[in-house]
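Notes follow once the structure below has been shown.
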Number of protein chains: 2
Amino acid sequence: MNTFSIGIDLGGTNLKGIVMERDGTSRHLTRVPTEADKGGKKVLENILALIGLLLEKEISRDSCIGVGLGTPGFVDGDGTVLGGAENLPGWKSTSIYSSVFATYGLKASATNDVTVTALAESQFGAGKGVGNMVCLALGTGIGGGIVINNQVYKGTHGMAGEIGHIIVEPDGIPCTCGHKGCVEQYASATGIVNITRKLAPVYESDAPSTLKRIALESPELITAKIVYDHAKDNDPFGIYINDVVCEKLARALGTVINTLSPDRIILGGGVMKAGRIIIDTVSRHVPDFCWRQLWERCDIVAAELGENAGVLGAASLAFADLGDKSHE
Amino acid sequence: MNTFSIGIDLGGTNLKGIVMERDGTSRHLTRVPTEADKGGKKVLENILALIGLLLEKEISRDSCIGVGLGTPGFVDGDGTVLGGAENLPGWKSTSIYSSVFATYGLKASATNDVTVTALAESQFGAGKGVGNMVCLALGTGIGGGIVINNQVYKGTHGMAGEIGHIIVEPDGIPCTCGHKGCVEQYASATGIVNITRKLAPVYESDAPSTLKRIALESPELITAKIVYDHAKDNDPFGIYINDVVCEKLARALGTVINTLSPDRIILGGGVMKAGRIIIDTVSRHVPDFCWRQLWERCDIVAAELGENAGVLGAASLAFADLGDKSHE
């Protein structure tokens, strides 16, 4: 009998669920509202209901090897949310594994949402064919996921991969984590908006810049998309901001390369809708921050799987962590 | 029959060799001159001769599962030295595996000397009982080794763990690697001497400092040991230098913790003869540079095995990488 897993991707707005077979074939992609504003208990209820919905679609519930979950923030080895999920009020301290087991008699494995994304890219996307890779999601913040020897590396306590909080500018911009100069403050969507507003008054150039004018006259209109639209349109201030962003990002990636010597770094998240310009610029700066021999054996590419990477990775995680039931 | 491995630790001055059984029991620790000044070919001859010497001490050569080697610099997956071993002229491009196999019909596995040290500390020393750890050797330079899930992590190309070249001060002190502000320039023995000489003229304090006087009057006498002897003797400039050193080291360790969330960081190498003062000071600074949740699950300790860690780790590496012969 074909065994299957259930994958759940917990986002601030929507929950996504999927059924996956061991060979990676998936079905029943389902999306329901997270209802994050109703608190952590309601979010958990919605997750459990979604699992139930997916189980009902299968002929034999006994073939389910377990549930994989990707969530913002930290999850410890017992499946308890330790924090770091600011957009999910009341989600902290939730006991995921015991709730899933009590309701369905199924084991669960949960980890950070970018970590499951990294696993999905490794198995089905931009990371196919390489054993050691690091995935960064450049979104509202910056999340990281690490794949070592084709397996998710979560660290003993499930919390590895906080690459967004690598400090790239000592005494730099204060970060939500309490420190200063984290790469997240420069290369996330939020960071890009902030530094665009901050640098507009001091940026000088002979050529006229529409982006600078917008940033000065209507700073509330600035988004990462607008910055990159202008950069790709050769706006000099846009090009300058892209260079600042990518240089800071390159510092963090250089550190990651010096430490892990990954075969590949995959950049995803909303900011990467800008595409090639970021890959090209960051790749130009990275060699300034790591050993040449390591950089020659690493490439930086864009993520391939898009917004369903998380749910696919979550379902894969279940096979990786809970899959031994298939050998019974 | 008990299988055994041979471990070789290649140092700039001496070669060390050992025979190890699978349970970690070791014997025949032997030390011969490296003769690095006679070039890479002579070094290889000496390594091969040392292997022969150790094989002769065993009853059955057939029980040898292979040779593990720790070497300065980078070794690629085929056992070719790629560089990074400046104190071994002509060692670059040496084909280690094919030479060992051609001479003795034995397989070999080689990697960076700090990486084998990390493996030894993991199995026999300060890393016992934890699965994920990082080892730093604070010597003339700073080397790094990573153990993940109780196994050496070398990266696909054998070059992971270049933690000494994490940049902790953008536009800081120029490093031998060609970049600026690598932690090696602040927290290695060389770095400590340099910043002591550099900061002596500008350091001001009400209390008198013997160390400052020495650094100004006889800068050639400054060593890391002298700096730390004075720091432990409450010399104010010595205490200040220790704080500068450990703050920079903490920046690199914070980055490592944010990335890998190790259970433990082990500090070894000559500088660590200073002992507790470094552990205490760096541990005070690290929380400024990483997530609290990750730091709460990591401790920083001194290496335990001393100068034989490398050769023990090299012999262990052989079991890890070549050990399947024991199942034949």
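At-a-glance table
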item: B:Ile146 under 20 Å from B:Gly268 (Cα atoms), among the β-branched types (Val, Ile, Thr) and at the interface with chain A (Cβ under 8 Å from one of its Cβ atoms); result: yes
item: Sole exception among (1) under 20 Å from the mean Cα position of the chain (by Cα); (2) over 20 Å from A:Gly313 (Cα atoms) for A:Thr13, by number; result: (2)
item: In region A:70-94, residue farthest from B:Pro262 (Cα to Cα) [restricted to those that are hydrophobic (A, V, I, L, M, F, W, C) and assigned to a loop (DSSP other than H, G, I, E, B)]; result: A:Leu88
item: Condition broken by A:Phe237, with the remaining ones in (1) touching a Lys or Arg at 6+ places or on another chain (Cβ under 6 Å); (2) within 14 Å of chain B (Cβ to nearest Cβ) satisfied; result: (2)
item: Top-ranked residue in region B:240-256 [being over 15 Å from B:Gly275 (Cβ atoms) and of a type in the set (A, V, I, L, M, F, W, C); ranked as nearest to the other protein chains (Cβ to nearest Cβ)]; result: B:Val256
item: Where a residue in region A:259-280 is within 14 Å of chain B (Cβ to nearest Cβ) and its partner, wherever it lies, is acidic (Asp, Glu), with Cβ under 8 Å and at least six apart; result: A:Thr259/B:Glu162; A:Ser261/B:Glu162; A:Asp263/A:Asp299; A:Arg264/A:Asp299; A:Ile265/A:Asp299
item: Output for region A:283-318, where each listed residue is part of a helix (DSSP H, G or I), without any contact (Cβ under 8 Å) to a residue 60 or more places away in the chain and within 18 Å of the chain's Cα centre (by Cα); result: A:Gly306, A:Glu307
item: Residue within region A:114-132 that is part of a strand (DSSP E or B) and within 21 Å of A:His157 (Cα to Cα) present; result: no
item: Unique residue being touching a helix residue (DSSP H, G or I) at 6+ places or on another chain (Cβ under 8 Å), at pLDDT 95 or above and assigned to a loop (DSSP other than H, G, I, E, B) when the list is A:Pro201, A:Pro170; result: A:Pro201
item: So B:Ile265, is it outside any helix (DSSP H, G or I) and closer than 30 Å to B:Ala160 by Cα; result: yes
item: Hits in region A:152-189 - residues which are of a type in the set (A, V, I, L, M, F, W, C), touching a Ser or Thr at 6+ places or on another chain (Cβ under 9 Å) and either at the interface with chain B (Cβ under 8 Å from one of its Cβ atoms) or more than 21 Å from A:Phe74 (Cα to Cα) (or both); result: A:Met159, A:Ala160, A:Ile163, A:Ile166, A:Ile167, A:Val168, A:Ala189
item: Subset tally (residues that are over 15 Å from B:Ile59 (Cα atoms) and loosely packed, with under 14 Cβ neighbours inside 10 Å) for region B:17-30; result: 3
item: Selection from region A:154-167 of residues that are in a loop (DSSP other than H, G, I, E, B) and either over 20 Å from B:Gly161 (Cβ atoms) or in contact with a helix residue (DSSP H, G or I) (Cβ under 7 Å, 6 or more places away or on another chain) (or both); result: A:Lys154, A:Gly155, A:His157, A:Gly158, A:Met159, A:Ala160, A:Gly161, A:Glu162, A:Ile166
item: Residue match in region A:194-211 (condition: aliphatic (A, V, I, L, M), within 21 Å of A:Leu267 (Cβ to Cβ) and assigned by TED's automatic domain parsing to the domain that holds A:Ile265); result: yes
item: Which numbered condition B:Gly306 misses (of (1) closer than 23 Å to B:Ile241 by Cα; (2) surrounded by fewer than 17 Cβ atoms within 10 Å (Cβ to Cβ); (3) small (Gly, Ala, Ser)); result: (1)
item: Selection from region A:212-231 of residues that are polar (S, T, N, Q) and either closer than 22 Å to A:Ile278 by Cα or outside the structural domain of A:Ser188 (by TED's automatic domain parsing) (or both); result: A:Thr223
item: Which listed residue, of A:Asp321, A:Asp243, is within 23 Å of the chain's Cα centre (by Cα), in contact (Cβ under 8 Å) with a residue 60 or more places away in the chain and part of a helix (DSSP H, G or I); result: A:Asp321
item: Per-region count, region A:133-153, residues touching a residue at least 40 places away in the same chain (Cβ under 8 Å) and in a loop (DSSP other than H, G, I, E, B); result: 3
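Condition check ((1) within 18 Å of B:Val183 (Cα to Cα); (2) in contact with a Phe, Trp or Tyr (Cβ under 7 Å, 6 or more places away or on another chain); (3) of a type in the set (Ser, Thr, Tyr)) across all residues:
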position: A:Asp235; (1), (2), (3): no, no, no
position: A:Glu247; (1), (2), (3): no, no, no
position: A:Ala250; (1), (2), (3): yes, yes, no
position: A:Val256; (1), (2), (3): yes, no, no
position: A:Pro262; (1), (2), (3): no, no, no
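Residue by residue, here is whether (1) over 22 Å from the mean Cα position of the chain (by Cα); (2) at pLDDT below 95 holds:
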residue: B:Pro208; (1), (2): yes, yes
residue: B:Ile214; (1), (2): yes, no
residue: B:Ala231; (1), (2): yes, no
residue: B:Gly238; (1), (2): yes, no
residue: B:Glu247; (1), (2): no, no
residue: B:Thr259; (1), (2): no, no
residue: B:Leu267; (1), (2): no, no
residue: B:Met272; (1), (2): no, no
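The values are calculated or read from the model by the stated rules, or taken from the named source; none is laboratory data. Everything quoted here is computed from the prediction, not taken from an experiment. Methodologically, a virtual Cβ is constructed for each residue, glycine included, from the backbone with ideal geometry; neighbour enumeration extends over all protein chains shown.
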